[in-house]
Every structure is written in C-alpha cells, then in structure tokens.
Amino acid sequence: MKVIFLFGPQAVGKMTIGEILSKELDLPLLFNHMTLDAIAPFLGWTKKTFELSNQLRKDIFREMVAQQDNKGLIFTFVWALDHKEDSKEVERFKRIFTDSGVDVLFVELETTLEERLRRNQSENRLAKKPSKRNVKHSEEELLTSNQKHRLNSLPGEIKEPYYFRLDVTNISAEEAARKIISENQLYLKTGCS
C-alpha cells in the first residue's frame, strides 16, 4: 500500500498535483474539500463540520487498511503547524496506517503568497471546490489563515522518515508531480513496510 500525505497552504496546488499523481501512480485522491464540502451545506462552516470531516477521513482510512488488496491513496490537507491540535490530528491520521505496517510519504508543497492568490482563482480549483467559488471570501480566508497560522514547516521540523519538500512557485503541476515521483522512487517503487 502506498500512502501519500500531500500538504501545504491553501491554493498551493495540492489538489491539482494530487490529480496528476493519482493518474501516474494509479492511486485514488482524497482532497481535503471532498469531505468538507459534503458536510458544510448542511451544517455551515462550523467546528462540528471540521470534526465530522476528520471523523469521515479516519473512517475511510481505517476501512482502506482493513482491505488487504487496497493499493493506497493520496490525501491532501492544510496543516497549521503552529496549532498543536492540528499536529495531533495529522499524527492520528498517520497512525491508522503506520500501526498496520504501512509507512506514509509526507510531501510538503510551498509557494509565495502572490502565487497562491493567483492560483486561488484557477479554473480547476473553482470547478472542484464549491466553497471556493466566492473568490473574494476565499481570498480573505487565505490571507487571514496566512497571518494567523504557520502553514509551512520550519527547517528540520518534520521528522518523518519519508518526507519531501518542494517549492512549486516556478514549476507546473506536471513538473511538480514528476519531481515528487522521481525523488521518492524508493518509497513509490519498492514500498517501505
């Protein structure tokens, strides 16, 4: 089983790069808004929405691990690294796999704020994420979270055995996916478990 946790700030390109990786590696993609946008129409953007989204993700992960022939997945999310509860939740997600002998490849994406603001309006993002279609609101949310939280790691902060960081400011999503695959051949070809 191959499991990739693809993380970084809003509008860095996680979903788009994840879609390419999904095709190249023949792994399903669970991008963060798939669960959030399923719940928010009923409950709004409340604390409970995020709790239920995280619970649904954990249930999916547990069921995937229980299926012996499951190939794995690519999961995208935003990680507020300065928020202890966020880090604990990421650890809980990871442990579902590692406790079953499946190692997780962590891939961190970064880019400039200016590039994120540009990508916030991309056609693919707006098509696949209904809650981002109010671009003004989405931009305000992006700027607020950028000021409120640290959404990229500090040097040496991520201690995972399989970790790769990539600046995607000046490369296409296709180039980013190729780099992720080529730089992580040991994990992707042979597995780690």
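The values are calculated or read from the model by the stated rules, or taken from the named source; none is laboratory data. All values reported here derive from a predicted model rather than from experimental measurement. All Cβ positions, even for glycine, are placed from backbone atoms using ideal geometry, and neighbour counts span all protein chains on display. Heads up: the accessible areas ignore ligands, DNA and RNA and are worked out on the full protein's heavy atoms, side chains in. Shrake-Rupley method; radii C 1.70, N 1.55, O 1.52, S 1.80 Å.
Quick rundown of the values:
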read-out	value
Output for region 1-52, where each listed residue is among the charged types (D, E, K, R) and surrounded by fewer than 20 Cβ atoms within 10 Å (Cβ to Cβ)	Glu19, Lys23, Glu24, Asp26, Asp37, Lys47, Lys48, Glu51
Residues being touching a strand residue (DSSP E or B) at 6+ places or on another chain (Cβ under 6 Å), in a helix (DSSP H, G or I) and open to solvent by less than 20 Å² (accessible area, probe 1.4 Å) - total across region 59-106	1
Answer from Asn146, Asn170 - the residue that is part of a loop (DSSP other than H, G, I, E, B) and either touching an Asp or Glu at 6+ places or on another chain (Cβ under 9 Å) or under 28 Å from Ala40 (Cα atoms) (or both)	Asn170
Hits in region 30-58 (condition: within 19 Å of Glu89 (Cα to Cα) and outside any helix (DSSP H, G or I))	Leu30, Phe31, Trp45, Thr46
Residues within region 106-164 that are at positive phi and touching a Phe, Trp or Tyr at 6+ places or on another chain (Cβ under 7 Å), tallied	0
So Gln121, is it surrounded by fewer than 19 Cβ atoms within 10 Å (Cβ to Cβ) and outside any helix (DSSP H, G or I)	yes
Which listed residue, of Glu174, Glu183, Glu160, is of a type in the set (D, E, K, R), touching a helix residue (DSSP H, G or I) at 6+ places or on another chain (Cβ under 7 Å) and surrounded by fewer than 16 Cβ atoms within 10 Å (Cβ to Cβ)	Glu174
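To keep it simple, each residue is scored yes or no on (1) modelled with pLDDT of 95 or more; (2) farther than 23 Å from Asp99 by Cβ; (3) hydrophobic (A, V, I, L, M, F, W, C); (4) more than 14 Å from the chain's Cα centre (by Cα).
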| position | (1), (2), (3), (4) |
| --- | --- |
| Trp45 | no, yes, yes, yes |
| Leu56 | yes, no, yes, yes |
| Ile60 | yes, no, yes, yes |
| Val65 | yes, no, yes, yes |
| Lys71 | no, no, no, yes |
| Phe77 | yes, no, yes, no |
| Ala80 | yes, yes, yes, no |
| His83 | no, yes, no, yes |
